[in-house]
Every structure is written in structure tokens, then in C-alpha cells.
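The values are calculated or read from the model by the stated rules, or taken from the named source; none is laboratory data. Please read all numbers here as calculations on a predicted model, not as lab measurements. Every residue, glycine as well, gets a Cβ built from its backbone with ideal geometry; the counts of neighbours run over all protein chains shown.
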Protein chains: 2
Amino acid sequence: MVNDGGAREAKGPLYQRLVKVIRDQIEGGDFGDNQALPSERDLAVQHAVSRETVRKALRLLEEAGDIYIDHGRGTFAAPSSVRRMRRFLGSFSDDTRHRGDQPGQNILALEVVPASFAVAGALNIEPGRRLTRLKRLRLVNGKPIGVQDAYIDIPGELTFTRKQIEEVGSLYTLLIEHFGMVPAEALESVTVCLASAEDAELLNVAEGSPLLLMERVTISDRHVPVEYCVMKYVKEYTYKARITGKPSGNV
Amino acid sequence: MVNDGGAREAKGPLYQRLVKVIRDQIEGGDFGDNQALPSERDLAVQHAVSRETVRKALRLLEEAGDIYIDHGRGTFAAPSSVRRMRRFLGSFSDDTRHRGDQPGQNILALEVVPASFAVAGALNIEPGRRLTRLKRLRLVNGKPIGVQDAYIDIPGELTFTRKQIEEVGSLYTLLIEHFGMVPAEALESVTVCLASAEDAELLNVAEGSPLLLMERVTISDRHVPVEYCVMKYVKEYTYKARITGKPSGNV
DNA sequence: GAGTGGTCTAGACCACTCA
DNA sequence: GAGTGGTCTAGACCACTCC
């Protein structure tokens, strides 16, 4: 691996460093929209790595949407317009921060409850198992935008305090640092519902007004469902997603 | 590649055939929940391929959620409960068919229109460019469930007829087969809106009732935005998604 | 036919987990 | 330390695009 800027930090696998180098080149404008990158064999020589290592890096760049690869034609920088659109995408939760607003939260409930049939079904555990329930009002710039009701399966019946959450600010940070539960994947669904009397009061909207109803099952890096969460968001909220692969069939 | 069932079809790359073999084994119950698969080196010997080929297959199986791989520990069959949940996921559009219902459509408009500023912005083209507009009422079991308003940038100002759509049934099939436009990726956003008078009449709901409002920009395999589509769905509809990667930050 | 990406190999060494 | 997955190599051949 040569040509990576000389005195740069040389940490991590070669292909990851190569990803960074090439991405910087693209974002720095070295390659315009749809401009061809050097061939894989040339890149291998330029960066003094094997062709398979180059291919590994290019695969990651393609998955991230930075480049596209056409069999028999070459490898090209993705158009900046598409790159720009993609930059606004992320998980529903990620999405919050893209607004540049100040997030906040009020903890409405923190308790240990037995799993209902519904929650137990979602988490694939036996009903009645003791779960930690965390219900929060989410704020943006002090204004309520959603209610989150999370049921967390903490191993060993451990639990945490309201103070801990308020200090750390993030539920996931707490789960990772204090309980070693690393979220690895989430299954989400989104639909519409009407505000109940309680929703209406919490979110400061009229009873019966439409809300975005979202469910999430979070799966840990130990490959088990660890959290079931129901969220209701005011209609100013938007969910964004990137769907890869061919949209199939009768759309 | 040996042990692939003897007289099976031997088409396609080795690693893809290996994916199929291992997936069949898992779905056939050869490996229970979280049961370890043979090591990569063993799998390579068993199937008479190189270890890199095995790794390529395992990577695909992991991305599909069939297995999980833990560094230093081994490779394991994903729990069937998680596999089952994932099976219900797909793009918003895919999702329709999982219900086992009969889809249908009424074409409300098929015309050539100049791109508005908004549509031009979404497709990254100049305003005023002539686009094909296709507005359809989507049905499930004869009942209206949504309105889709699509703006398609067909190269060379070609267009298609109402009859063609009705014959083919699928807009994407038509785009692929008649215009060589292969959808490769989609960027979607979902939020809530209220039914306009027109929406209400089309969808047979009260004016002002909540709808799921969805936007989509489809990007072709030529890596340019080719379709902008606004969809409004009745509240019985649900959007499902799988979010991979660590949910980040202040969720 | 020349050039591109796609697949595949055999072998080496590193990083991690677990006993 | 033994076994696992993670990285990397040099070289071969195939499939595709374009001239």
C-alpha cells in the first residue's frame, strides 16, 4: 500500500485504507460524475496491493453507493446527485440528527414488567418474562415529536436507573457500555394510526389526529431479539430508506 | 464442487451454487438454531472448492440473514425466529404480495407532461423536460388501497400506451423489456398526510383521513434517476424494512 | 482482439476465542 | 496452543464490452 498520502496513519486492513483513499479522491473531485476510475489491475499496481484487495475495496465502495462497476466496461464514480440523495438516508432513528436540531427526551416510565403475549411474540421469548420497560417522550428543540415505548430483554434481570439514562442520553450507548448488548440489526415497520387521548396530550396534538406508527425489533450482535419498541411520531416526521436490489414485480 | 446433490444442474459460479446448497441444508433443518456449521476449511474440503470460494458463499448467506459469523468462534445457523421475521421484509412494493391477495390497478392518467421544478429536482434534470406521467389506482381484491403518481424519464421521448401497461401489468416489466431501463435501486421516504377531496373519492375514505404518503426515486442500472413516484396509501397499509448495521447514536 | 471486470485457486500469515 | 475466521497474495482463466 503506497500512495496513501505518505505519513498517514497506516492502521486497519489494506482494503479499508484503500476505500478511504479512493472515497477521498472521489469526494475531493478527482473523478467527476460517471468518470472512469483506473482499472482494477492498474489500481493494484498504483497502490501496491493485490487485485483481490482492490476488488474488496471496490465492492465496499459500490455497496456504499460511491462508485458503480460495469462488467466489461469499467469502474465509474457515481453521479454526485445520486450520492447527495443517498447521504440523507439512514435508519429512522439516524434520520433525526440530519435535521441539525437539538434532540431531547422526557422519561415517562422506567419499570420492570412481565412480557405480554404480543411483546413476547415479537421478541420470541416466553410471555411473563420480566422485561425492562422504558417509555420516553422524544423532543426536538423542546417540542414533542414522538413517544417511544421500549421493552428490553436484559440478561440476568439486571436493570438501570433513570439517572443513568439521563446521564448517558442514549439508550443504545447504555446497553452497549453497561450490558454488553450491541445492536446489530433492526426490523422495522411503519404505518399510520390515530392519536389516542394520551398520545394527544403528550404530543400536543388533537385526539384522533394522524400519527406515524412505527414498530422496531432490535437484534443484538449475539443474534437474538433484545428490544421491542413502539413509536408514534407526529406527522411532521419523515422516514427515509434506501432500497437496494431490483424493485421486483408488479410495482 | 462435489456433494451438490449429484445430478443437479451445475450452472453459475461455484459460490452461488454453494449458497444454494448450504441454504437448503439450513432450511431443511440440517442445522438447528445457532448450531455451528463446519469450519470454512472443512466446507472447502467437503465441497471441493477453495476456502475463498467458501467465504464468498458464507458472506452472501450472512448478508441474507441465513447465518452469522463470529470471528474466532465459528459460523452458525441463524435462529429460525429471526429468519422468519426477516422473511416478511422487503421493499414497500414487494410487501404487497406477501399478503396473498390479488393485486389490481386502474389507470387514471397516462400523458406526457413537462417536469415541474419539484419533479425535476428529484430526478436531477432540467425543469420542463418532457416526462411520461402514469397515475394509477392500486387495488387489492378490488378494493382501492393506494394512488400512485409516477413521472418517468424515458430516453428519446419514447412513450408507451395504456394498452401496453394493461397487458404487461407491471410498469417495471414494461420499462425493462421495452425501454431497457432496469431499476437498480430506490430511495424512499414515508410520512403521513391527510386525504384531499380527490384522494378521498379515489380511495373511498373520508376527506381529511390519514394516509401513508410515500415518495420514491428509482435509479436505473445506468445509475441515473429515472422515475419519481408519489404514493398515497390507506392506513391499513404497512411499510416494512430491515435496517442493517448498528443503529447509531441517540435513539 | 484488446481491455475490462468476474471467478477461482493454493498457500501464507494475522486476529480472535476458548480451554 | 489449537481452532476459528480475517486478510492478502500472485497467478490463472472466463465473461463481457467495445472497437
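Quick check: anything in the stretch B:199-216 in a loop (DSSP other than H, G, I, E, B), facing another protein chain (nearest Cβ under 9 Å) and either aromatic (F, W, Y) or closer than 26 Å to B:L123 by Cβ (or both)? Checked against the condition, which is being in a loop (DSSP other than H, G, I, E, B), facing another protein chain (nearest Cβ under 9 Å) and either aromatic (F, W, Y) or closer than 26 Å to B:L123 by Cβ (or both), the stretch B:199-216 yields no hits at all. The residues in the stretch B:218-242 that are over 13 Å from the mean Cα position of the chain (by Cα) and in a strand (DSSP E or B) can be counted, and the count is 10. Taken over the stretch B:62-86, the criterion of being assigned to a strand (DSSP E or B) and polar (S, T, N, Q) is satisfied by B:T75 alone. For the stretch A:50-88, filtered to residues that are surrounded by 14 or more Cβ atoms within 10 Å (Cβ to Cβ) and polar (S, T, N, Q), the residue that is farthest from DNA strand C (Cβ to nearest atom) is A:S81. Just need a number here: residues in the stretch B:20-48 that are within 22 Å of A:E52 (Cβ to Cβ) and either modelled with pLDDT of 95 or more or within 12 Å of DNA strand D (Cβ to nearest atom) (or both). Within the stretch B:20-48, residues that are within 22 Å of A:E52 (Cβ to Cβ) and either modelled with pLDDT of 95 or more or within 12 Å of DNA strand D (Cβ to nearest atom) (or both) number 6. Enumerate the pairs (first residue in the stretch B:123-144 and farther than 15 Å from B:T218 by Cβ; second residue anywhere and of a type in the set (D, E) and modelled with pLDDT under 85) with beta-carbon separation below 6 Å, excluding pairs fewer than 6 apart on the same chain, so at least 6 apart or on different chains. Filtered contacts from the stretch B:123-144: B:R130/B:E157; B:V140/B:D101; B:N141/B:D101.
For the subset of the stretch A:141-165 comprising residues that are assigned to a loop (DSSP other than H, G, I, E, B) and out of contact with any Phe, Trp or Tyr (no Cβ under 9 Å at 6 or more places or on another chain), which member is modelled with the lowest pLDDT?
The extreme case among them is A:T159.
Considered as a group, the residues in the stretch B:87-116 that are outside any strand (DSSP E or B) and either modelled with pLDDT of 80 or more or aliphatic (A, V, I, L, M) (or both) include one that is nearest to DNA strand D (Cβ to nearest atom), and that residue is B:L89.
Within the stretch A:166-194, being surrounded by fewer than 21 Cβ atoms within 10 Å (Cβ to Cβ) and part of a loop (DSSP other than H, G, I, E, B) holds for A:G169, A:S170, A:G180, A:V182. Among the residues of the stretch A:14-35, none qualifies, meaning not one is within 10 Å of DNA strand C (Cβ to nearest atom) and surrounded by fewer than 19 Cβ atoms within 10 Å (Cβ to Cβ).
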